[in-house]
Structure formats: C-alpha cells, structure tokens
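Asker: Sending over a structure as structure tokens; questions will come in a sec.
Where a number appears in this text, it was derived from the coordinates with a stated rule and is not lab data. None of the values given here were measured: they were computed from a predicted structure. FYI the Cβ positions are ideal-geometry reconstructions off the backbone, even for glycines, and counts take in every protein chain you see.
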Amino acid sequence: MTQQGVRWTADQVLALAPDAASRKAGSKLGAAGPWSEAGSSDEGTVWGLCKGSGSKPYQTVIDIADTAGPAYKCSCPSRKFPCKHALGLLLLWAGEDSAVPPGQAPGWAEEWLAGRRKRTEEKRAAGASGSQTAADPEA
C-alpha cells in the first residue's frame, strides 16, 4: 500500500481510519471543496490546505513512501491518527488525478518531511551501530 506512484483505493484509505466516526468525517472531506494548494510528489508525499472553522486553513501532509507505513502531520487539534483531514486528503488523492496534481511541496511540508526522514535515518543508524556493538564481546 505504500508503493510510490501507485494511487490507493478509497477502501485502502478508509482502512487507515482509527474509528467509524473518522471514516465518516474523512469521507466528507474527500471532495475538492475545502481543499486548496493540494499536491503530490513522486517521492511519495501528499499535501494540502483544508478550510476549517478557524481563519487559518489546516496544513496537512502525508508521507506515503515510508516502508513502515504512512505518516501524517496536520495542524488541526485532533488526537486521532490519521485525523479526518489526512483521510480526506488521501481520499481526494486516491480519486481523480487532477484533484491532487503533481508538484513541488510547499516549505511547511518540506520542512516536516525533511525532519521526519532525518529522524528515521538517525534511528536506522543508531540501530545499526547498536547491533554491531552488541555483537562485539569486548565493547
């Protein structure tokens, strides 16, 4: 489900929802209406701005390229992962190609993604050096 370049189905997206209420709310946001500046990259990132009840839209970004599964970041106050905005954006992306066109991620999305990938690499490096140390009886 995390293959780059392969659009997901609505069923695959909705299977990520933490509960039925999130599935329902995410489905309502799966249309272009509340979204602006939505886009996706070949590297496996989907982003967009979702109009909410406040004056500033929610910044939503999803990393779908991670082999451990998708990761989500949204500026909304929800404690659910993924939140309804992430589900809605993924549904929009899974739908028609023109709704979430390919492009260059905005700065706020790039910043989160760079930090996330750096932390992942640091964990991977720490795990590799930790396993080498454990194998050395003199260490």
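Asker: What does the charge count around residue 45 come to, taking other residues whose C-beta lies under 11 Å from its C-beta (Lys +1, Arg +1, Asp -1, Glu -1)? Walk me through the intermediate numbers first.
Answerer: Values: positive: 73, 116, 117; negative: 42, 43, 63, 66, 110.
With Lys, Arg at +1 and Asp, Glu at -1, the neighbours total -2.
Asker: Can you compute 3J(HN,Hα) from phi for each residue in the stretch 32-42, using the Karplus curve 6.51 cos²θ - 1.76 cosθ + 1.60 with θ = phi - 60°, rounded to whole Hz and x for Gly and Pro?
Answerer: 5, x, x, 9, 9, 6, 6, x, 8, 10, 5
Asker: To the nearest 20 debye, what is the magnitude of the charge dipole of the chain about its Cα centre, counting +1 on the Cβ of each Lys and Arg and -1 on the Cβ of each Asp and Glu?
Answerer: On the way: 16 positive and 15 negative charges, 152 e Å.
Value, rounded to 20: 740 debye.
Asker: Sticking with this structure for a sec: Give the angle, between 0 and 90 degrees and rounded to the nearest 10, that separates the Cα long axis of helix 107-135 from the longest principal axis of the Cα atoms of the chain.
Answerer: The two axes meet at around 30 degrees.
Asker: Shifting gears a bit: Simple spin-label model, 7 Å along Cα-to-Cβ: residue 56 to residue 98 in nm?
Answerer: If labels sit at residue 56 and residue 98, their model points lie 3.3 nm apart.
Asker: Further question: Using DSSP, restrict attention to beta bridges with both residues in the chain and report what percent are antiparallel, rounded to the nearest 5. Mind dumping the intermediate values first?
Answerer: On the way: 15 of 16 bridges.
So the antiparallel bridges amount to about 95 percent of the total.
Asker: When you take every Cα atom in the chain, what is the radius of gyration, and what is Dmax, the widest Cα pair distance, in Å?
Answerer: Here Rg and the maximum Cα pair distance are 17.1, 63 Å.
Asker: Place a point 7 Å from Cα of residue 117 in the direction of its Cβ. Which residues in the stretch 70-85 have their backbone N less than 20 Å from it?
Answerer: 70-74, by backbone N distance to the label point.
Asker: Can you return the lysines within cross-link range of residue 118? Criterion is Cα-Cα under 23 Å, with same-chain partners fewer than 8 residues away left out.
Answerer: 73
Asker: Could I ask something else about it? For the Cα atoms of the chain, what angle does the longest principal axis make with the long axis of helix 84-94, in degrees from 0 to 90, nearest 10?
Answerer: Computed tilt is about 80 degrees.
Asker: Then there is this: Please give the net charge around residue 120, taking every other residue with its beta carbon less than 13 angstrom from that of residue 120, where Lys and Arg add +1 and Asp and Glu add -1. Numbers along the way, then the final one.
Answerer: Details: positive: 116, 117, 118, 119, 123, 124; negative: 63, 66, 121, 122.
The answer is +2.
Asker: Is the stretch 55-106 rounded, prolate or oblate when judged by the Cα gyration tensor, a ≥ b ≥ c being the square roots of its eigenvalues, rounded requiring a/c under 1.5 and prolate requiring a/b larger than b/c? Each step should come with its number before you reach the end.
Answerer: Numbers: a/c = 1.60, a/b = 1.17, b/c = 1.37.
Oblate, because a/c is 1.5 or more while a/b does not exceed b/c.
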